[in-house]
Amino acid sequence: MSHPDEQAWFEQAYDRAPFGIGVFMPEEGRWLRANPALCRLLGYCEDELAAIAEADLTHSEDPSLTQFLLFGSGSEAPDTDADAPLSLHKRYVHKSGRIVWASLHLSILEERLPPDRPRYLAQVTDISEHMQREEQLRASEYKHRLVAEVSLDWISRHKADEQATITYSSPACRTFFGYAPEEMIGHSAIGAVHPDDLAHVQAFLAEIAHTEGSRVIFRYRHKDGHYVWLESSSRYTFGANGDVDEIIAVSRDITERIRANKLLQESEQKYKSLFDHNPAAVYSMNMDGDYLTANPNLEKLTGYTLDELLGMYWGPIVAPKDLAKTQHHFDLAKQGLPQSYDLTVIHKDGHLVDVNSTNIPIVVDHEVVGVFGITTDITERQRYLEQIEKLSAGYTLILNAVSEGIFGLDTDGNTMFINPAGAAMLGFEPEELIGKPYRGILHEPYSNAPRLLDGEDAIFRVIQDGRTYHNKESVMWRKDGSSFLVEYQVTPMADKGEVKGAVVVFRDKTSEHEIMRAKESAERADQAKSEFLAVMSHEIRTPMNGVIGMTELLADTALDEEQRSYTDMIRQSSAALMRIINEILDFSKIEAGKMELLDEPLSVREVVEGAASLFAPRAAERGIGLDWRIDERIPSLVVGDEGKLRQILVNLIGNAVKFTERGSVQVSVSLHASAEPHRLYVDFTVTDTGIGIPSDKQQLLFQSFTQLHPAINRKYGGTGLGLAICKKLVELMGGLITVSSKERVGSSFSITMPFGLPSNEAGAASEISPQGGQREHYGERMAAPDALADAEDRTIAMAKALPVKSPLAQLRLLVVDDVPVNRMLLATLLRKHGWEPDTAENGAEAVRMAAAARYDIVFMDLQMPVMNGFEATEAINRMFDEKHRPVIVAVTAYARREDRERCLAAGMQDFIGKPVFAQEVERVVKQWTPRVEKQRR
């Protein structure tokens, strides 16, 4: 039995509840009880609610509670289990007539009632505001979606990742890029940006996190492969915690605008060229006839300076007899009708000049805003018209038959005749040019034309001097304003020793010039690439010389175990960096077409054994086998490029060892049949039991900067250039490289390489049979206790500084380098062999020291301030005769073959490349000590 206070509490909670509470009986369809909150929600008191059917309060489109409880949303009644309250949202009509959204939760009351007359306790909450907000949100989303779908701009959303992955694309992408919106979702937006614009776009994306309202212009790839110019506005959105959520971008296709701007610039340049270099007086006037612009020829024609002409009305210049005619033609030009007419102008000094003037309307936006004028002096034109008519019919037939353009000029440069071929090339009818000055046709570029005085030109000089003039490259102008390159010759026409004019013969050589210009451009680009490689090689190798050399010197000092570990890490990292540098420079050199092949005798066996032995210690350390076999039918010497063959094999064997965790690496070399008497082919195969290459990635294998195993490459290092360089080197040498691989089984790389034969072995090679008695040489697994992990580590180990030794001879040495670290490195290496060298900071100081104290060997850097190494070498060699000259050794980061040859040609006797290693220094001193000792005797 409940406590009386508990009953009171319940009644108080029932009356004061902020939500509606009611008792509903489905059979009667009425509210039996309703608390004040429910009454307020519906606008009726409890008695009114009890008298009104609940269905009459329900919105016409929603079910009544009776319908819901008896039949649910379908044909079956809802589950009325007491443990499963029923919920629904529906609309009521308030007593005032407004619509009220209500959320109802119904539970059956467990009282002793007949089973067919259940009662339900209802909790009713007003959710009108919530439903209104949802409806507004749906309407807003619909409006935004509608705007995006009908917008002519491309609206897109992107993840805020490095690829700007597309999460939404408006339908405009079909017009912009040829893709449907669903094709773009999930793809990288960055991946479609033009490579030349990529850095610009990435910088823009980095900036918009801090700056709003900025725009970026770039090219984006269309589905068919061409690029579309876009102008894009983007901004980041941020989540509740302040982190970047996504990127929203609105982009506009501006391809046509870019194209129009380019055409406008070209048009402006053409107009400027026509205006500045036209031999006629060219000018523009406003609608009142005042001069706005003019070229210098108008100044020559009228005698007025350009300052006097600009802003001046044309009326005072025209002779009174021609004022009315000139005004008539000027008015017609203002109406949009071009005019050409003859008139007389008054020179500033008072004499009269007969001219031909052409007026052309200036039209802007379909409205005439001014008039262009082109005026030429025609004073002497009529004098020679009769001579034009006297040309014989025979000459006319000849002129009409030749393919070259031919026109004749009088002594003033006016056209007397022109053949059909010439008129066709110029785009005129012959009669349009007769009597007109040649200056509107021919224009000599300043780079080729001689500097002449008083407005004279080459053709007038021919007429005056009577000497033939030939120009292999000039410019002529067509009627439509376009120009073309010509070769022409001017020959004077004489009558009884008196020059009456000249004949110009020309031919169109535009295509020839374009070919030559393309060739010269390619040669310049090739030279630029070559110079870039040289500079990059020097600039990178110079600091690396200090890093590697000083590290080796540090390793030779007393170090504890931790310090030695750090030193070894520096050495290994330096070696890896040099490997990357060499690969990039090699690749660039191949791309630039500067990789030269050598044809010199080499031993295939020695190259293979040398390349394989470099990796034997690494293979033994990892517990994998490294074997090689060489077909003994291969001649002891063949002709080819030993260095590049070694580079290819070192790369392939190194990769095989690197990517093999267990099993073995096999290198086999066999003879390939060849019917050529002075050539043979050798097959090189490197097979491993490593991780293999997935079939879907094998097509990427030889592409530049491609790493098929990024995780492994991060572990072992690499640029992704090695195999690309191998492929290019093999093909450069006339060979073929192929690969077969299976993932988690292994890979096999095969190379077929052609070699020449020394003359004494050519005949024997033709008798070799690929089937007969092949013998093979099997290499042993080699191990060297002091060998390092790979070829670069081995090189560093060989260069390791030696302990101090007794010197081979008492030599006087000089080290010249402007970089203190390089001077210190080379001097220290020499001291470890017992020599005490002098040092100089530049070439000038070296020359002074060489003059004061005679040196036996000078180690000379090339790139130095004050005086470079070449200048210093020349100065030192001039100071001594050949017998007493010191040995000058070039020490430089320029490592190309042509750099070595240049040093030797400049008077240097030897060459050391940077980084400098101890064994190279020792080699130089040992090699030249006998010469030094001989000179002393």
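Set the Förster radius R0 to 60 Å, insert the Cβ-Cβ distance between Asp62 and Arg259 as r into 1/(1 + (r/R0)^6), and round the FRET efficiency to 0.05.
0.50
How much net charge surrounds Asn286 when only other residues with a Cβ under 15 Å from its Cβ are counted (Lys, Arg +1; Asp, Glu -1)?
Neighbourhood net charge equals -3.
Please give the FRET efficiency for Leu32 paired with Glu134, using the beta carbon to beta carbon distance and R0 = 41 Å, rounded to the nearest 0.05.
Calculated transfer efficiency: 0.80.
Between Tyr271 and Glu520, what is 0.36 nm times their sequence separation minus the Cα-Cα distance? Round to one decimal in nm.
That pair, Tyr271 and Glu520, stretches by 86.9 nm at full extension.
Spin-label point model (7 Å from Cα, Cβ direction): what's the Asp683 to Ile248 distance in nm?
My value for the distance between the label points is 6.5 nm.
Compute the signed sum of charges (Lys and Arg +1, Asp and Glu -1) over the other residues within less than 14 Å, Cβ to Cβ, of Asp196.
Once positives and negatives cancel, what remains is +1.
Using a Förster distance of 56 Å, how high is the FRET efficiency between Ser233 and Arg936, based on the Cβ-Cβ distance and rounded to 0.05?
Given R0 = 56 Å and the Cβ-Cβ separation, E is 0.10.
What length, rounded to one decimal in nm, is gained on full extension from Glu621 through to Arg831, with 0.36 nm per residue of separation minus their alpha-carbon distance?
Extra length from Glu621 to Arg831 when fully extended: 72.1 nm.
Among Met879, Met25, which comes first, second and so on when ranked by fewest other beta-carbon atoms within 10 Å?
Fewest-to-most Cβ neighbours within 10 Å comes out as Met879, Met25.
Arrange the following residues from fewest to most other Cβ atoms within 10 Å of their Cβ: Leu323, Leu301, Leu230.
Leu323, Leu301, Leu230
Taking the Cβ of each residue in Glu642, Glu135, Glu54 as the centre, tally the other Cβ atoms inside 10 Å and list the residues starting with the fewest.
In order of increasing Cβ crowding within 10 Å: Glu135, Glu642, Glu54.
Take Ala851 and Lys223, extend 7 Å from each Cα along the Cα→Cβ direction, and tell me the distance between the two endpoints in nm.
The two pseudo-label positions are separated by 7.8 nm.
Put a dot 7 Å past each Cα toward the Cβ at Glu898 and Asp290; how far apart are the dots in nm?
For the pair Asp290/Glu898, the computed spacing is 6.1 nm.
Of the cross-linked pairs Lys270/Lys479; Lys832/Lys926; Lys270/Lys334; Lys436/Lys479; Lys644/Lys727; Lys644/Lys728, which ones have a Cα-Cα span greater than 18 Å in the structure shown?
Lys270/Lys334
Can you give the local net charge around Gly466? Use residues other than it whose beta-carbon is closer than 11 angstrom to its beta-carbon, Lys and Arg +1, Asp and Glu -1.
Taking every Cβ under 11 Å from that of Gly466, the sum is +1.
Taking 8 Å as the Cα distance limit and 6 or more residues as the minimum spacing, I'd like the relative contact order of the range 193-279 as a percentage.
20
Values in this text are rule-based calculations from the coordinates and carry no lab data. The structure presented is a predicted model; accordingly, all values stated were derived computationally and were not measured. Note that each Cβ is placed from the backbone with ideal geometry, even for glycine, and that neighbours are counted across all protein chains shown.
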